[in-house]
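Some notes on the structure that comes next.
The values are calculated or read from the model by the stated rules, or taken from the named source; none is laboratory data. All values reported here derive from a predicted model rather than from experimental measurement. Neighbour counts are summed over all protein chains in view; Cβ atoms, including those assigned to glycine, are modelled from backbone coordinates with ideal geometry.
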Amino acid sequence: MRIRTLIDNISYIELVNMDDVSEEIRGISYNSKKTKPNDIFICLTGEHVDGHEYAEEAIANGACVCVVERRLNLDAPQIVVSDTSEAIAQIADLFYASPSKKLNVIGVTGTNGKTTVTHLIQKIYEANGEECALIGTLGHKFFSDDSYHDAKHTTPQAPELQRVLYDVNEKCIKNVVMEVSSHALVQHRVDYCDFNGAVFTNLTQDHLDFHITMNNYFKAKSLLFENLVAGDFAVINADDDYAARFMEVISPTVNLITYGVKMPADVKAKDVLFNHNGASFTCIVKGSEYKVNLRMNGMFSVYNVLAAIATAVALNLDIEKSIKTLESLGGVAGRFEIVVNKPTVIVDYAHTPDGLENVLKAARDIKPANGKLICIFGCGGDRDATKRPKMGQIAEELADKVIVTSDNPRSEDPQQIITDILAGFKSVNDVIVEPDRELAIKEAHKLAKPDDVVLVAGKGHEDYQILANETIHFDDREEVRKIFSGEE
């Protein structure tokens, strides 16, 4: 793409030092250290870093033009725009020739359940004879049996996202299901992404360090649904407290499908039962009943499956075939993953009050009557601190024994994070505090008897721990196997 094509198609305030508009743009960069010759460099202004300060380095590394929010004192071509975070999305879409317009794209948003629901939808598509790519927390992959390609964010930055969508087109895959985070919506990462459907899982407290209020958090999530147009579909969890507000922002021309357990819904579960092997229920789809026997456990899994079935309804896919596929699945890595038996040790990504409550309740459902529930968890640093005491309160109420440890402390003092968590306990006399996560898991091993259930919450699939000055390798699943089973 030439610079001339760019300036003819984007909104800008002024052009600076733009003598040669015929020069070819070969890539998009927003990291000066990774900028290559003939890249366009976008000066993003973030929470901690201002890209304008690195424009000179980007030019030295070969950038042919900079996109800026203010004119810089550099003898280099500059395109001045009002907001570089909006511009980067427009430029990425233009550079990759609007790939989403050639695809059927489904966005899944919510506080919890996004990863599982996207994987379930991908499997349903494939069971119905259609290929579907997936983009999300674990990375992106083009087929369900493909390996993950790493991702830094739940929803990639616009250039990476548009490049993945371009690659999906190149592989002649016509369907994409992707996790859409609230950060991505507010930061314009999915601007110019043409969604054909949107799925809402739930909305509970998280990311208030960024959004400040739950109302702002809701408004961020609702952007995905506000942009749907006639012919698109929306799938909404009718049981969620925010369901009505999401429905209000959806155009009446959009096909609305609801799901739930408690409230009236198009796709509804009744007679829900749990055992060590999974969950079972009767699924009512617009009057027709289907028996469902899952290998996944917990009420949250029932909701995730209902979301996937409701999406199948919206897509006019075969419901019996879709349910049969869902029954064959054992869940997603790091989501209520039973890593060891006798005692049962579960690793889960739960890192919000609602998420922790859900998995603890699910763990209690499968615990033998004579067994105890042991919970190990911590909270991430540099994130919403108000959820810490709430998670402590939930752990105290639902677990028989609690071990408070570190999660990803980042730049915060791990002991201060733990102190914040302990503020939620009525009594800390019986709480074990062990900041070292490996030693915390060893403490659980000492305590646990064969009929007990141990929940290791917070990190799930993550294979790293972010400390003040370094990121180290740490995988809860590996540690659990090593400590409880003697596996190396």
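Within segment 388-403, does at least one residue satisfy the condition of being touching an Asp or Glu at 6+ places or on another chain (Cβ under 9 Å), assigned to a strand (DSSP E or B) and of a type in the set (Lys, Arg)? So far as segment 388-403 goes, yes, one or more of its residues are touching an Asp or Glu at 6+ places or on another chain (Cβ under 9 Å), assigned to a strand (DSSP E or B) and of a type in the set (Lys, Arg). The residues of segment 110-161 that are hydroxyl-bearing (Ser, Thr, Tyr) and without any contact (Cβ under 8 Å) to a residue 40 or more places away in the chain, listed by number, are Ser144, Ser147, Tyr148, Thr155.
Pick out the one residue from Tyr192, Tyr242 that is under 26 Å from Arg388 (Cα atoms) and aromatic (Phe, Trp, Tyr).
On the way: Tyr192 fails: under 26 Å from Arg388 (Cα atoms).
From the options Tyr192, Tyr242, the qualifying one is Tyr242.
Look through Ile3, Ile10, Ile25, Ile40 and report the one residue that is in contact (Cβ under 8 Å) with a residue 40 or more places away in the chain, aliphatic (A, V, I, L, M), closer than 21 Å to Glu160 by Cα and out of contact with any Cys (no Cβ under 8 Å at 6 or more places or on another chain). Reasoning before the result, please.
Values: Ile3 fails: out of contact with any Cys (no Cβ under 8 Å at 6 or more places or on another chain); Ile25 fails: out of contact with any Cys (no Cβ under 8 Å at 6 or more places or on another chain); Ile40 fails: out of contact with any Cys (no Cβ under 8 Å at 6 or more places or on another chain).
Going through Ile3, Ile10, Ile25, Ile40 in turn, the sole match is Ile10.
Filtered by the rule that a residue be modelled with pLDDT under 95 and either in contact with an Asp or Glu (Cβ under 8 Å, 6 or more places away or on another chain) or in a loop (DSSP other than H, G, I, E, B) (or both), segment 241-274 gives Asp241, Tyr242, Phe274.
Among the residues in segment 355-373, are any on the phi > 0 side of the Ramachandran plot and either buried (at least 24 other Cβ atoms within 10 Å of the Cβ) or assigned to a loop (DSSP other than H, G, I, E, B) (or both)?
No, the conditions are met nowhere in segment 355-373.
The residue list Asn255, Asn297 contains one member that is in contact (Cβ under 8 Å) with a residue 60 or more places away in the chain and touching a strand residue (DSSP E or B) at 6+ places or on another chain (Cβ under 8 Å), which is Asn297.
Within the set Asp407, Asp413, Asp420, the sole residue that is crowded, with 17+ Cβ neighbours inside 10 Å, over 25 Å from Phe336 (Cβ atoms) and out of contact with any Leu (no Cβ under 9 Å at 6 or more places or on another chain) turns out to be Asp420. Could you list all residues from segment 90-110 that are within 24 Å of Ser182 (Cβ to Cβ) and among the hydrophobic types (A, V, I, L, M, F, W, C)? Within segment 90-110, Ile91, Ala92, Leu103, Val105, Ile106, Val108 meet the criteria.
Figure legend. Inter-residue proximity from segment 437-449: first residues β-branched (Val, Ile, Thr), second residues at pLDDT below 95 and surrounded by fewer than 17 Cβ atoms within 10 Å (Cβ to Cβ), beta-carbon distance below 8 Å, spacing 6+ or different chains. No pairs are indicated.
Only one of the numbered conditions (1) part of a helix (DSSP H, G or I); (2) surrounded by fewer than 17 Cβ atoms within 10 Å (Cβ to Cβ); (3) under 31 Å from the mean Cα position of the chain (by Cα) is not met by Ala97, and that is (1).
When segment 377-404 is limited to residues that are under 22 Å from the mean Cα position of the chain (by Cα) and of a type in the set (A, V, I, L, M), the one that is nearest to His183 (Cα to Cα) turns out to be Ala385. In segment 138-149, the condition of being of a type in the set (A, V, I, L, M, F, W, C) and more than 25 Å from Arg26 (Cα to Cα) is met by at least one residue. Restricting segment 20-36 to residues that are outside any loop (DSSP other than H, G, I, E, B) and either hydrophobic (A, V, I, L, M, F, W, C) or under 30 Å from the mean Cα position of the chain (by Cα) (or both), the residue that is surrounded by the most Cβ atoms within 10 Å (Cβ to Cβ) is Ile28. For Val199, the conditions (1) touching a Ser or Thr at 6+ places or on another chain (Cβ under 7 Å); (2) modelled with pLDDT under 95 all hold with the exception of (2).
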